[in-house]
Amino acid sequence: MNRALMVTGWLVLLALTRVSATDQWPRFRGPQSGVVADDPTLPDAWSEASNVVWKASIPGLGWSSPIVWDDHIFLTSAISSSEEPAPAKGLYDPGDDHGKTRATAAQRWMVYDVDFKTGAIRWERELRRVLPLVTRHIKNSYASETAVTDGERVYVYFGSLGLLTALDLNGKSVWSREVGAFDGRQGFGMAASPVLHKERVYIVNDNLTHSFIAAFDKKTGAEIWTVNREEVENWSTPYVWENELRTEIVTTGMNRVRSYGLDGKLLWELKGMTVNTVPSPFARNGLIYINSGYPGGNPRPVYAIRPGATGDISLKPGETTNEYIVWYQPLLGTYNTSSLVYGDYYYTLLDRGFLLCHDAKTGKQVYGRQRIAPDASGFTASPWAYNGKIFLLSEDGDTYVVQAGPEFKLLGKNSLNDMSLATPAVVRGSLIVRTQSKLYRIARKG
């Protein structure tokens, strides 16, 4: 073979390898916390009948998000052996127990590998079949934690089982760890997903019995360290923040926001959150953003924090900034959705169908509450963005498309007509959407 041709082929292969190694969606909200690089092949309009490459039925109930590596789409579910009360849309806490529900039959905790190209289930694995010992909110599921992958293994955490498991890409168990299953303060179940950084997997479990953050060796499952936490419940996925000064693990909680070093030692903390902390921390443009916003709570805070903090950085009465808190908004926090920083703007999606926009660097309001659409209400999935557009998926299965930038403008609405709580994945020209009963791959056709 001609030497020049060989070199050219090698360079092409190298380029393709680089693309395949980076163009993945390995965790909750993806590598950039919902922001996707512009790609003209990505869809901005779809329905049940248009721009659907395939749809697959997924048994059971699970609100975990899909993750994608190469041709593998991983997601989890819990299948009950009897009838379960159906979740309802919107914000509600029915009955004396405010929605707390105890299972009356065994559940099958499942992991699925769906083929990216065809939608066929490549394999499924049952990790446990047992009656749950902990309760959940009627709107939650026993499989709400999103898995994470490094392309060699998929790491699955079921907090309601107290089980952390690593599977290879063929579905074979590599290791499992029993970490304990505990009820939280209200008995509403779990949702905080595992996170992966280099050679370690981290989990947070805040509950009434033994709240902790723990690090495990990703190859063997060996526990590296565990640190106790003074918390009682939490649904927020921790965030590994690689900033200009160090790498730290940032967690929220009802009592405190806490950041830990990779050795488990506390770096900094702050108080001033609401109850029911759900949104996940995320970093953009050198700042980390923290928020929580239980409806009716006061404050419902958002904090933008710069690197290098140490000790207690809580704001004093009357303060809105300090050495490390760049800006603070006392009533901007969200209940379920994590916020989005896209370009220069910080977008807040409120559960009841409003969008707000602030300057991401200063916290100054760009526009206040904008009703997304007259029929838009009930949002749990977090927003995402690409191609100058923001996408907002409602619990009705409607995705509202909004113009990015300083002026609010609704551009369109795409309906799948099925309850949706899971945040989608966006990868290689495709949108992977999970509804209550289906998994969709959506892409521009032609």
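The values are calculated or read from the model by the stated rules, or taken from the named source; none is laboratory data. Quantities reported herein were computed from a predicted structural model and do not represent experimental measurements. Backbone-built Cβ (ideal geometry, glycine too); neighbour counts: all protein chains shown. Areas reflect the complete protein model, heavy atoms only, side chains present, ligands, DNA and RNA absent. Shrake-Rupley method; radii C 1.70, N 1.55, O 1.52, S 1.80 Å.
Below are the figures for this structure:
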| quantity | calculated |
| --- | --- |
| The one condition in (1) assigned to a loop (DSSP other than H, G, I, E, B); (2) in contact (Cβ under 8 Å) with a residue 24 or more places away in the chain that I290 fails to fulfil | (1) |
| Region 416-429, subset polar (S, T, N, Q) and buried (at least 24 other Cβ atoms within 10 Å of the Cβ), residue nearest to S50 (Cα to Cα) | S420 |
| Subset of region 247-273 [more than 14 Å from I203 (Cα to Cα) and of a type in the set (A, V, I, L, M)] | M254, V257, L266, L267, L270, M273 |
| G95 being out of contact with any Cys (no Cβ under 9 Å at 6 or more places or on another chain), open to solvent by less than 20 Å² (accessible area, probe 1.4 Å) and not aromatic (F, W, Y) | no |
| The lone exception for T320 - which of (1) hydroxyl-bearing (S, T, Y); (2) surrounded by fewer than 18 Cβ atoms within 10 Å (Cβ to Cβ); (3) closer than 23 Å to E242 by Cα it fails | (3) |
| Some residue of region 293-302 being crowded, with 16+ Cβ neighbours inside 10 Å, among the basic types (K, R), at pLDDT 95 or above and closer than 21 Å to S65 by Cβ | no |
| Within region 396-415, considering residues that are of a type in the set (G, A, S) and surrounded by fewer than 18 Cβ atoms within 10 Å (Cβ to Cβ), the one farthest from L349 (Cα to Cα) | S415 |
| Subset of region 134-155 that is aliphatic (A, V, I, L, M) and in a loop (DSSP other than H, G, I, E, B) - its residue that is nearest to the chain's Cα centre (by Cα) | A147 |
| First in region 22-44 and over 21 Å from Y155 (Cα atoms), second anywhere and basic (K, R), Cβ under 8 Å, 6 or more apart | V35/R284; T41/R444; L42/R444; P43/R444; D44/K389 |
| Selection status of V326, among the hydrophobic types (A, V, I, L, M, F, W, C), open to solvent by less than 50 Å² (accessible area, probe 1.4 Å) and in a strand (DSSP E or B) | yes |
| Pair list, Cβ < 9 Å and 6+ apart or interchain, from region 300-314 residues that are within 19 Å of Y346 (Cα to Cα) and assigned to a strand (DSSP E or B) to residues that are small (G, A, S) and open to solvent by 20 Å² or more (accessible area, probe 1.4 Å) | Y303/G272 |
| Selection from region 356-393 of residues that are surrounded by fewer than 16 Cβ atoms within 10 Å (Cβ to Cβ) and touching a Lys or Arg at 6+ places or on another chain (Cβ under 8 Å) | A373 |
| Conditions (1) of a type outside the set (S, T, Y); (2) assigned to a loop (DSSP other than H, G, I, E, B); (3) free of Cβ contacts under 8 Å to residues at least 24 places away in the same chain; number of the one not met by G272 | (3) |
| Meets criteria (more than 30 Å from D71 (Cβ to Cβ), in a loop (DSSP other than H, G, I, E, B), under 20 Å from the mean Cα position of the chain (by Cα) and not β-branched (V, I, T)) for F182 | no |
| Identity of the residue in region 141-158, out of contact with any strand residue (DSSP E or B) (no Cβ under 6 Å at 6 or more places or on another chain) and not acidic (D, E), that ends up nearest to E199 (Cα to Cα) | T146 |
| Members of region 341-355 that are open to solvent by less than 20 Å² (accessible area, probe 1.4 Å), closer than 15 Å to Q329 by Cβ and touching a residue at least 60 places away in the same chain (Cβ under 8 Å) | V341 |
| Residue in region 305-313 that is modelled with pLDDT of 95 or more, closer than 26 Å to R185 by Cβ and among the basic types (K, R) present | no |
| Lone unmet requirement of (1) open to solvent by less than 20 Å² (accessible area, probe 1.4 Å); (2) more than 18 Å from D217 (Cα to Cα); (3) touching a strand residue (DSSP E or B) at 6+ places or on another chain (Cβ under 6 Å); (4) not hydroxyl-bearing (S, T, Y) for R129 | (1) |
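Yes/no matrix, rows are residues, columns are (1) of a type in the set (S, T, N, Q); (2) touching a Gly at 6+ places or on another chain (Cβ under 8 Å); (3) closer than 23 Å to A283 by Cα:
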| position | (1), (2), (3) |
| --- | --- |
| L349 | no, no, yes |
| D375 | no, no, no |
| W384 | no, yes, yes |
| I390 | no, no, yes |
| V402 | no, no, yes |
| E407 | no, no, no |
